[in-house]
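Enquirer: I have a structure here, written as structure tokens, and I will follow up with some questions on it.
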Amino acid sequence: MTAPEAGRAPAPRHVIAVASGKGGVGKSTVAVNLAAALAQAGARCGLLDADFYGPSVPLMTGLRDGRLRTGADGRIQPLEIHGLKIVSIGFMVPEGEALMWRGAILHKLIHDFIHDVDWGECDYLIVDLPPGTGDVPLSLHQAIPFRGALLVTTPQAVALADATRAAALCRELGIPLLGLIENMSGLVCPHCQGHVDLFTPGGAQDLSGQLGIPLLGRI
């Protein structure tokens with residue numbers, strides 16, 4: 001890791017992307033819980049909600065009324081809860097308001113969220129990526145290299161196909177794939193305690209084999 005430029009906050013040691021390729025599969029849920037688990041394990045952890053068009057981290061962390069402020073040094077001060085330092089566009093835009101930024105404005109915001117936030121000494125920065133393979137993942141990777149990426153999918157064929165596209169993007173950018181997480185893999189019946197498959201099972205296991213990455217768990 002190179003030394004930070006003068007006046008710039010030091011970069012987090014390990015930047016981990018949580019990606020899906022498709023919305024609604026539980027990517028933000030995985031990102032929030034992964035960051036919280038790392039913090040509970042004693043790591044200094046930050047969480048960057050980079051889903052600029054559909055931020056859900058403020059609601060999931062109980063900070064939906066939070067607002068970002070700058071410190072005396074001009075750096076953005078992340079909100080803190082459960083031992084996590086959190087930054088989200090949801091702390092800047094009123095809830096329910098549409099964000100209609102793109103191009104240079106969006107790229108500048110991403111740069112600011114990486115380099116002008118006072119993350120402090122940060123072991124891990126978990127980045128909740130937006131769905132798809134557009135500008136945001138590319139700009140983030142240009143701003144700071146990812147140490148690796150976790151893919152989140154559900155057993156549905158459409159979600160698996162989009163996860164494959166997300167994996168292709170990561171490999172095109174040279175981002176190591178750490179593994180696959182299957183969400184909505186089933187539910188436990190509250191009466192008989194038996195496992196009920198919500199979708200045709202086995203898809204994530206097959207995909208992990210095709211991609212050559214481990215299936216880290218089912219939720």
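Enquirer: What order do GLU182, GLU172 take when sorted by accessible area (1.4 Å probe), most exposed first? Please list the in-between numbers first.
Expert: Values: GLU182 5, GLU172 155 Å².
Correct descending sequence by accessible area is GLU172, GLU182.
Enquirer: Order the following by accessible area, largest value first: TYR53, TYR124. Probe radius 1.4 Å; ligands, DNA and RNA are ignored.
Expert: In descending accessible area the options line up as TYR53, TYR124.
Enquirer: Could you check how much of the accessible area of the chain is carbon and sulfur, as a whole percent, using a 1.4 Å probe?
Expert: Details: 5960 of 10870 Å².
The value for the chain is 55 percent carbon and sulfur by accessible area.
Enquirer: How much accessible surface area, in Å² rounded to 10, belongs to the heavy atoms of SER56 with a 1.4 Å probe?
Expert: For SER56, solvent-accessible area is about 30 Å².
Enquirer: Where does each of HIS191, HIS107 land when they are ordered by accessible area, with a 1.4 Å probe and the largest first?
Expert: Largest accessible area first, the residues go HIS191, HIS107.
Enquirer: Working out 0.36 nm times the residue gap between ALA43 and GLU95, then minus their Cα-Cα distance, what length gain in nm do you get to one decimal?
Expert: Working: separation 52, 0.36 × 52 = 18.72 nm, distance 3.05 nm.
Result for the pair: 15.7 nm of gain on full extension.
Enquirer: Pick from HIS111, HIS141, HIS195: which is most flexible by mean-square fluctuation in a GNM of the chain where alpha carbon atoms under 10 Å apart are linked?
Expert: HIS195
Enquirer: Still on this model: Note the listed values (1) 1.03; (2) 1.19; (3) 1.07, then indicate which one is Cα Rg over 2.2 N^0.38 Å calculated from this particular structure.
Expert: Comparing each candidate, only (1) matches the computed number.
Enquirer: Something else now. Only helical DSSP H runs with n ≥ 4 go in: add -39500 (n - 2.57) per run for the chain, normalise by residue count and round the 222 nm mean residue ellipticity to 500 deg cm²/dmol.
Expert: Value at 222 nm, helices only: -9000 deg cm²/dmol.
Enquirer: Note down the accessible area of ILE16, probe 1.4 Å, to the nearest 10 Å².
Expert: 20
Enquirer: Next question, about the same structure. What number comes out for accessible area per residue over the chain if the probe is 1.4 Å? Units Å², please.
Expert: It amounts to 50 Å² per residue over the chain.
Enquirer: Decide, for segment 51-156, between rounded, prolate and oblate: order the square roots of the alpha carbon gyration tensor eigenvalues as a ≥ b ≥ c, take rounded if a/c falls under 1.5, and otherwise choose prolate if a/b is larger than b/c, else oblate. It would help to have the intermediate numbers written out before the result.
Expert: On the way: a/c = 1.25, a/b = 1.20, b/c = 1.04.
Taking the square roots of the gyration eigenvalues as a ≥ b ≥ c, segment 51-156 is rounded.
Enquirer: Could you tell me the accessible area of TRP101 in Å² (1.4 Å probe, neighbours in place), rounded to the nearest ten?
Expert: Probe radius 1.4 Å; accessible area of TRP101 about 80 Å².
The values are calculated or read from the model by the stated rules, or taken from the named source; none is laboratory data. Bear in mind that the values here come from a model prediction, so they are computed numbers and not experimental data. To get the accessible areas, we keep the full protein, side chains included, count just its heavy atoms, and leave off ligands, DNA and RNA. Shrake-Rupley method; radii C 1.70, N 1.55, O 1.52, S 1.80 Å.
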